[in-house]
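Have a look at the structure below before the remarks.
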Amino acid sequence: MKTRIFISLLILIAVPLVYLTSCNKVKELTSVNVTMKMPRQHFTYSETKLKTGEVILYSGMVTVNLDSILNANGLPSGIIQTTTFTSLSVTINVPADSTFHWLSSMRAVISANQNFDPQNEIGNVTNTDPNAKTVFVTLNNLNIRPYLSQPSFYIRLYAVLNGPLPAVTVGMFLDGTVQLLIAPV
């Protein structure tokens, strides 16, 4: 009699565990990795009187249109599980012949709000080539999903300058790609 009760209890405990574990495995197997190219962010930076320390090179909002991403990948509905940057770069486009000779280093941070409180660093770059027109951010492989509480997040670039700008105002653009792991609902 005790053996039957013990076996019955064991089955009552084991069946839900197996079922829940199977559901997680099914969700894992049906999840889809999607690469989203961020819209190109054009911005300008004008010289500042600040001679030392960090300056804000760029600050802006990036929107993730989950409905469009789901439709493009044939998914009726889904939720974002993890999100990471796979690339991030800044390129000078005005003046056309200008380079990053004036940039010592840069770091990129993200936040869920425009006040950047709190913010988290996603990567940085040390400019080792003063003749470069593009600098590529070395990424920290940070899951930025917590910053997508809304369908958008905010990104900011901090820079340390080591010389004067090539013009009163420098035009640049920010490019990046984000990898999204989407699970069907």
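The values are calculated or read from the model by the stated rules, or taken from the named source; none is laboratory data. Worth saying up front: this structure is predicted, and the values here are computed from it rather than measured. Reconstructed Cβ throughout: ideal geometry from the backbone, glycine too, with neighbour counts over all protein chains shown. The accessibility values were calculated without ligands, DNA or RNA, using every heavy atom of the protein model including side chains. Shrake-Rupley method; radii C 1.70, N 1.55, O 1.52, S 1.80 Å.
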The range 75-127 shape via C-alpha gyration tensor axes, a/c threshold 1.5:
prolate
Applied in sequence order to the range 118-131, the curve 6.51 cos²θ - 1.76 cosθ + 1.60 (Karplus, θ = phi - 60°) yields integer Hz couplings, x standing for Gly and Pro, of x, 10, 9, 6, 9, x, 8, 8, 10, 6, 9, 10, x, 8
For residue 111, net neighbour charge (Lys/Arg +1, Asp/Glu -1) across residues whose Cβ lies under 10 Å away
0
Cα gyration tensor, the range 50-96 - rounded (a/c under 1.5), prolate or oblate
prolate
Which cross-chain or sequence-distant (5 or more) residues have an amide H under 5 Å from the amide H of residue 86, H modelled 1.01 Å from N in plane?
177, 178, 179
Accessible area expressed per residue, the range 146-185, with surrounding protein chains retained (probe 1.4 Å, Å²):
37 Å²
Suppose all protein chains stay in the model; what accessible area per residue would a 1.4 Å probe give for the range 46-131, in Å²?
53 Å²
When the accessible area of the range 33-185 is computed with all protein chains present and a 1.4 Å probe, what percentage of it is carbon and sulfur?
51 percent
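Can you give the extra length, in nm with one decimal, that the chain gains between residue 77 and residue 126 once fully stretched, where that is 0.36 nm per residue apart less the Cα-Cα distance?
Numbers: separation 49, 0.36 × 49 = 17.64 nm, distance 4.09 nm.
Stretched out fully, the residue 77 to residue 126 stretch lengthens by 13.6 nm.
What does the charge count around residue 59 come to, taking other residues whose C-beta lies under 15 Å from its C-beta (Lys +1, Arg +1, Asp -1, Glu -1)?
Working: positive: 107, 156; negative: 54, 117, 121.
Once all neighbours under 15 Å are counted, the net charge is -1.
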